[in-house]
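The values are calculated or read from the model by the stated rules, or taken from the named source; none is laboratory data. All of these numbers come straight from a predicted model, not from anything done at the bench. Note: ideal-geometry Cβ built from the backbone for every residue, glycine included; neighbour counts use all protein chains shown. Protein only, heavy atoms only, side chains kept; ligands, DNA and RNA dropped before computing areas. Shrake-Rupley method; radii C 1.70, N 1.55, O 1.52, S 1.80 Å.
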Amino acid sequence: EGRITRYQRDVSRLIFLNANENPEMKAIEPAKLRVNFFKGNDKSKWYCGVPASTALLYKRLYNKIDLKVYGMERQIEYDWIVKPGGNPGDIQFQYKNVKEIRIDEQGNLLIKTEFGELIHKRPVSYQLIHNEARGQKINSRKYVNVEFKRINEFAYGFEVGDYDRSKELIIDPAVMTYSTYLG
């Protein structure tokens with residue numbers, strides 16, 4: 001009891017640097033399915049018909065910045081939602097207990113772990129522009145230059161080009177996982 005195993009010490013972890021330690025977490029985009037949890041033989045600890053969602057929103061992970069995490073086919077997606085007045089430079093994440101991290105020639109972030117390699121695809125960043133033409137609302141995306149930025153050996157963030165700071169900015173990289181990593 002209370003001892004940390006080698007696996008617990010050595011497993012790679014993602015840490016958000018200088019982030020809100022207690023962000024509000026909100027399940028969003030409800031899924032049609034429900035799940036059941038059966039723990040042990042004590043039926044009072046069983047949970048049936050628990051609603052599921054397809055995404056989780058970490059509200060105010062940074063000042064005026066939310067993080068939306070969701071799955072898309074065989075990859076994990078995440079969107080940083082920078083509200084007006086938020087600073088995308090505040091977003092900093094660090095991997096612990098990994099072998100190597102680097103940005104490749106395509107701008108992807110590669111993380112080598114004991115279990116395989118994770119690839120954060122080069123991010124895309126945009127702002128939604130709301131227009132009206134002939135009585136119809138039209139939403140379009142205005143793309144903003146963004147790339148991963150190295151802060152130190154294992155910490156990274158984003159370098160974002162010029163954008164309209166009075167409007168919400170979305171930074172959208174995808175994380176590709178491979179079976180060697182997931183086991």
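Brief remarks on what is shown
- Conditions (1) surrounded by fewer than 12 Cβ atoms within 10 Å (Cβ to Cβ); (2) part of a loop (DSSP other than H, G, I, E, B); (3) touching a strand residue (DSSP E or B) at 6+ places or on another chain (Cβ under 9 Å): number failed by residue 41: (3)
- Any chance residue 77 is in contact (Cβ under 8 Å) with a residue 12 or more places away in the chain, open to solvent by 80 Å² or more (accessible area, probe 1.4 Å), within 22 Å of residue 58 (Cα to Cα) and not basic (Lys, Arg): no
- Qualifying residue in the range 59-68 (condition: part of a loop (DSSP other than H, G, I, E, B) and at pLDDT below 90): no
- Annotation note: of 137, 149, 167, 142, the sole residue that is open to solvent by 20 Å² or more (accessible area, probe 1.4 Å), farther than 15 Å from residue 14 by Cβ, basic (Lys, Arg) and part of a loop (DSSP other than H, G, I, E, B) is 167.
- Taking the criterion of being touching a Pro at 6+ places or on another chain (Cβ under 7 Å) and open to solvent by 90 Å² or more (accessible area, probe 1.4 Å), the only residue of the range 52-74 that qualifies is 60.
- Total residues in the range 106-134, condition in contact with a Phe, Trp or Tyr (Cβ under 9 Å, 6 or more places away or on another chain) and either of a type outside the set (Lys, Arg) or part of a strand (DSSP E or B) (or both): 16
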